[in-house]
Amino acid sequence: MKKTLLFVLTLSALSARTTSVVRKYHYVEILTTLTDAQSYCREKFTDLATVENQSDNDRLLSVWQGLGNSAWIGLYDDKMKGWKWALGNADLNNEFTSWTLDGPDNKDDNEICTSMESDGLWHDSPCTSTRPAVCYHEKGPSHYILVNIQMTWHDARTYCRSTYTDLASVRNQSESNHISSLLSTFTWIGLHRKTWAYWFDQTPRTFTNWNENQPYSRADTVKSCVAVQKNTGMWLDVGCGNNNYIICQKVYSRQQQTFKLRFQSEADLTDPALQQQMLEQLHAKLEKQGLSDFKLRWTVTDGQAFHKEQKKKKDEGSCG
C-alpha cells in the first residue's frame, strides 16, 4: 500500500525585495578620512557601518582584527540638515533661510531650536532657554500672534498648539517681514531639528553608544562624524577630516519562501533512516544550486505527526 508524505520546504533566501535586513561587517585596515572611507565602503561593499542596537555594536567589534584604536562608522551630524517646522512637521525649504552669518553652529551640541530677532535673522538656540514666541493662527484675523510669555521652545509649541494652531513658520521673505515687525528681542519660531538623525545609508538613528562627555560639537565645522573605540566599543564625536581605520558593511535582505512537495511510495516513509537519507540527498542538491540557508521539514497526511529539520548556518565566520 502506497503512503502519501507531504514534504514542506522553507527557504530563507537573500533577496532585495524584502525589508528584513542582514548586515555583515568588515574591518578595513586603511587609515583615511571619513570621505575617503565612505567612498571605499561604497565601492567595495555597501556603505560605512550602520549600528541599530547593542548586538550590532558587539558584532562590529568582533570583526576588528588588526591595528588601530578607533575606526569610522556611518553616523554623522550635519548642522545644516534635518531642520523641520513644527507646523506639519515640514522640512525646511532651503530656497529661503535667514540664518546669521555663523549659524547654525550648534556650538554646545544642544542648539537645535530656533529664535528670530527683529532684523529677521535666525539663531540656533538651546531649547531650554526661555523666550517669547510667535504663534500661527490659521483661522484668526491675524495669522501671527506675538506671545510675550517667557517659555522654553517646547512649552511655546505646546502653548501655540493649544491656543492657536502652532508655532510660526517663516517660508519666504514676505512672512519674514511680517513676523520680524512684531519682535523686539529673541523670539521662538517653529524651526527645530533632531541631532544625529540618520546614518549614511539613510537608516534613522535609534541607538547610540556615546563615550563619556560625548558627543562634543565644534562650532568651526558644519559636519561631525563618529568613530568607534576598539577597546571599549564606545563612540566618539570626531572631526570628519581626521584619519581613522574603517568598518564597512555589506547589506543583504532576507526573503522567505515555502514550497510543498508530495511523495507517494510503497516504502515505509515513516522510517527515520529513510527520511534522513532523502533529506540528505535533497539538502545536497539545494546546496549545489547555491542555496545557503534553508529548512527541510516532513509532514505526513495520515495523522502521524513527525518532522525532521535541518538548517545550514548562513555566512559562518567571524563577521557574523
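The values are calculated or read from the model by the stated rules, or taken from the named source; none is laboratory data. Worth saying up front: this structure is predicted, and the values here are computed from it rather than measured. Because the Cβ atoms are built from the backbone with ideal geometry, glycine has one as well, and the counts that use them run over all protein chains shown.
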Among the residues of the stretch 145-167, how many are free of Cβ contacts under 8 Å to residues at least 40 places away in the same chain, among the aromatic types (Phe, Trp, Tyr) and surrounded by 19 or more Cβ atoms within 10 Å (Cβ to Cβ)? 1
Residue list for the stretch 181-201, restricted to those being outside any strand (DSSP E or B) and more than 17 Å from LYS84 (Cα to Cα): SER181, LEU182, LEU183, SER184, THR185, PHE186, PHE200, ASP201
The correct count of residues that are loosely packed, with under 12 Cβ neighbours inside 10 Å and not aliphatic (A, V, I, L, M) in the stretch 52-68 is 5
What do you reckon, is ASP119 modelled with pLDDT under 95 and over 18 Å from TYR245 (Cα atoms)? no
Within the stretch 99-106, does at least one residue satisfy the condition of being crowded, with 18+ Cβ neighbours inside 10 Å and out of contact with any Lys or Arg (no Cβ under 8 Å at 6 or more places or on another chain)? yes
Residues of the stretch 84-98 being under 12 Å from ARG193 (Cβ atoms) and exposed (fewer than 15 other Cβ atoms within 10 Å of the Cβ), in sequence order, are ASN89, ASP91
Examine the stretch 33-40 for a residue that is touching a Gly at 6+ places or on another chain (Cβ under 7 Å), crowded, with 17+ Cβ neighbours inside 10 Å, at pLDDT 95 or above and not acidic (Asp, Glu), and state whether such a residue exists. no
Any hit, the stretch 105-112, residues being in contact with an Asp or Glu (Cβ under 9 Å, 6 or more places away or on another chain), within 30 Å of ALA227 (Cβ to Cβ), part of a loop (DSSP other than H, G, I, E, B) and of a type in the set (Val, Ile, Thr): yes
Pairs, first among the acidic types (Asp, Glu) in the stretch 232-245, second part of a strand (DSSP E or B) and at pLDDT below 95, C-beta under 7 Å, six or more apart: ASP237/SER224
Can you tell me which residue is nearest to ALA197 (Cα to Cα) among those in the stretch 64-83 that are at pLDDT 95 or above and not aromatic (Phe, Trp, Tyr)? LEU75
Residues in the stretch 202-225: is at least one crowded, with 18+ Cβ neighbours inside 10 Å, touching a Ser or Thr at 6+ places or on another chain (Cβ under 7 Å) and more than 19 Å from ASN110 (Cα to Cα)? no
Scanning the stretch 211-241 residue by residue, the ones that are under 22 Å from VAL63 (Cα atoms) and either in a loop (DSSP other than H, G, I, E, B) or modelled with pLDDT under 90 (or both) total 6
Listed residues ARG205, ARG161, ARG171; which is of a type in the set (Lys, Arg) and within 13 Å of ALA133 (Cα to Cα)? ARG161
If I go through the stretch 49-93 residue by residue, how many of them are assigned to a loop (DSSP other than H, G, I, E, B), out of contact with any Cys (no Cβ under 8 Å at 6 or more places or on another chain), more than 30 Å from LEU167 (Cβ to Cβ) and not acidic (Asp, Glu)? 9
Do we find that GLY120 is crowded, with 18+ Cβ neighbours inside 10 Å and closer than 18 Å to TRP85 by Cα in this structure? no
Could you say which residue among CYS135, CYS113, CYS127 is surrounded by fewer than 20 Cβ atoms within 10 Å (Cβ to Cβ) and in contact with a Cys (Cβ under 8 Å, 6 or more places away or on another chain)? CYS127
